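Engineer: First the structure, which I've put down as structure tokens, then a few questions once you've had a look.
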Amino acid sequence: MAQAVRYVKPLISETSDEARIRVLGLYKAWYRHIPFMCMQYDLRASPEKCREVLKSNFLKNAHHNDIRVIDMMVFKGQQDLREVVENFKEACHIEQKWFETGTVEKEKPKDFISKFLSNMD
């Protein structure tokens with residue numbers, strides 16, 4: 001039985017080498033803009049810390065092999081960079097996206113009075 005192979009049109013890159021070049025270009029653009037971003041948005045983190053976060057974010061997504069997924073992620077990264085460069089984002093948006101603070105749950109009340117005062121059942 002013959003199987004039909006469906007050709008999927010690429011978004012931007014034709015080969016994985018082109019996608020790699022686009023990813024490296026995006027990384028370099030972010031890397032170069034980080035000192036300006038820290039100064040412009042008056043971030044609490046140093047440029048070195050921001051560069052570490054940038055590197056970890058790129059390494060976190062290094063396992064993707066599909067060229068279309070890579071192109072989409074590069075497109076979103078370029079869009080984020082453009083929003084930062086053109087001051088469309090606020091400092092709180094950048095800190096929330098780059099420096100995710102783990103939400104620490106408060107200890108749940110155990111006795112009746114504590115539950116009543118905190119409006120818990």
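Nothing in this text is a laboratory measurement; each read-out follows from the coordinates by a stated rule. Since the structure is predicted, the reported quantities are computational estimates derived from the model, not experimental observations. Cβ atoms come from the backbone with ideal geometry, glycine included; neighbour counts cover every protein chain shown.
Engineer: Over the chain, calculate the relative contact order: mean separation of alpha carbon pairs under 8 Å at least 6 apart, over the residue count, as a percent. Walk me through the numbers before you get to the answer.
Structural biologist: On the way: 53 pairs, mean separation 37.2, N = 121.
In percent, rounded to a whole number, it is 31.
Engineer: In whole angstrom, note down how far apart the Cα centers of region 15-43 and region 52-82 are.
Structural biologist: Between the Cα centres of region 15-43 and region 52-82 lies a distance of 10 Å.
Engineer: Nearest 10 degrees, 0 to 90: what angle lies between the long axis of helix 47-60 and the longest principal axis of the chain (Cα atoms)?
Structural biologist: Between the helix axis and the principal axis of the chain, the angle is about 60 degrees.
Engineer: To the nearest 20 debye, what is the magnitude of the charge dipole of the chain about its Cα centre, counting +1 on the Cβ of each Lys and Arg and -1 on the Cβ of each Asp and Glu?
Structural biologist: Details: 20 positive and 18 negative charges, 45 e Å.
Here the size comes out at about 220 debye.
Engineer: Output ³J(HN,Hα) for region 31-36: one whole-Hz value per residue in order, computed from phi by the Karplus curve 6.51 cos²θ - 1.76 cosθ + 1.60 with θ = phi - 60°, and x for Gly and Pro.
Structural biologist: 4, 6, 8, 4, x, 5
Engineer: Lysine pairs, Cα distance under 24 Å, 8 or more residues apart or cross-chain: how many in the chain?
Structural biologist: Step by step, the pairs that qualify in the chain add up to 22.
Engineer: How much mean residue ellipticity at 222 nm does the chain get from its helices, if each DSSP H run of length 4 or more adds -39500 (n - 2.57) and you divide by all residues, to the nearest 500 deg cm²/dmol? Present the calculation step by step, with values, prior to reporting the outcome.
Structural biologist: Details: 5 runs with 73 residues, N = 121.
My calculation for the chain gives -19500 deg cm²/dmol from helical runs alone.
Engineer: While we're here: Along each of the three principal axes of the Cα atoms of region 16-101, give the extent in whole Å, ordering the values from largest to smallest.
Structural biologist: 37, 23, 20
Engineer: Another question, then. Would you mind ranking Lys9, Lys28 by Cβ crowding within 10 Å, fewest neighbours first?
Structural biologist: Numbers: Lys9 5, Lys28 10.
Exposure proxy ranking, most exposed first: Lys9, Lys28.
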